[in-house]
Structures are given as C-alpha cells and as structure tokens.
Amino acid sequence: MGSSGARGEIKDRGISDEDLSAARALAAVCNAYEGLDLPLHLERSNQCVYYEDRALIGAATLQGQPEVEVNIAVHPDHRRRGIGRRLLEVVQAECRRRGRPSCLLVCDAASTSGLGFVVAMSGRHR
C-alpha cells in the first residue's frame, strides 16, 4: 500500500525490478555527491521508494533483527522538501507493524546532510 501526497508518491509494496534499478542509480548519485558508500540493502520486502513525476528520487531500506536499521537516500537536487521525513514515517509505521517500536537511522559520519537530517528528526548520533 503506497501513500501519495501533493508532491509525489511513496511505493512500499510491490517493488519492481525497475524500482530496484532506479534505487541503485539513486544510491550511486547520492554516493558520488557526498563521497560516500551508502549501504542501501535493496530487497523488495524491505524497502520503499518515493516517486515524483515518474522519477525515483527517494528510497529507504530496512535491515536487521532485532534492532531494525534504516537507510534513507534522497536525490541531492530534491533534499530539504520533506521527502526523507515522509520515507521515515512510512518506515516507522512498518517497524511498528513488525512489532518494533523504534528503529536505528543509519548515517555515515562523513555525511553532513545525513547528520543534519538525523538532528532534524530529533535523533541523536551514536
């Protein structure tokens, strides 16, 4: 079941091969932009993607048990518009559905935008 809003659509069920390919391309763009190696674990059952105008510009992945680790990638040209926040909300709802009241938002210490996002989401870096 996906959710849509004024600016785009989140797809969190029925992830296709095309979605996976687009998410890999997004990870490459984000990695190149900040010089990182973003660990998006691309498995159909553990991710959601954000589309705007038929372009995938955001992705979130869930990994691990018992503590669920979350990675979020948003295209650099589309940041600071609430896309990461919307993806995190969907991921948090999925964690609750799985019986996990919280999740660990993973962020590379070298990612200034990622660290800013963690702070904006009232998270703390550890």
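Listing for the model above:
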item: Any hit, the range 19-30, residues being of a type in the set (Asp, Glu), open to solvent by less than 10 Å² (accessible area, probe 1.4 Å) and touching a strand residue (DSSP E or B) at 6+ places or on another chain (Cβ under 8 Å); result: yes
item: Sole exception among (1) closer than 22 Å to residue 35 by Cα; (2) open to solvent by less than 30 Å² (accessible area, probe 1.4 Å) for residue 68, by number; result: (1)
item: Options 126, 80; residue that is at pLDDT 90 or above and either within 19 Å of residue 38 (Cβ to Cβ) or not hydrophobic (A, V, I, L, M, F, W, C) (or both); result: 80
item: Residue in the range 62-69 that is out of contact with any Lys or Arg (no Cβ under 7 Å at 6 or more places or on another chain) and at pLDDT 90 or above present; result: no
item: Only listed residue being part of a strand (DSSP E or B) and at pLDDT 90 or above, chosen from 10, 57; result: 57
item: Residue ID - most open to solvent (accessible area, probe 1.4 Å), chosen from residues in the range 87-109 that are under 22 Å from residue 36 (Cβ atoms) and in contact (Cβ under 8 Å) with a residue 24 or more places away in the chain; result: 108
item: Count - residues of the range 110-126 that are in contact with a Leu (Cβ under 7 Å, 6 or more places away or on another chain) and open to solvent by less than 50 Å² (accessible area, probe 1.4 Å); result: 4
item: Residue tally, condition in contact (Cβ under 8 Å) with a residue 40 or more places away in the chain and over 24 Å from residue 81 (Cβ atoms), over the range 44-63; result: 0
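The values are calculated or read from the model by the stated rules, or taken from the named source; none is laboratory data. In this text the structure is predicted, and so the values were computed from the model without any measurement. Don't worry about glycine lacking a Cβ; one is built from the backbone with ideal geometry, like all the others, and counts go over all protein chains shown. Protein only, heavy atoms only, side chains kept; ligands, DNA and RNA dropped before computing areas. Shrake-Rupley method; radii C 1.70, N 1.55, O 1.52, S 1.80 Å.
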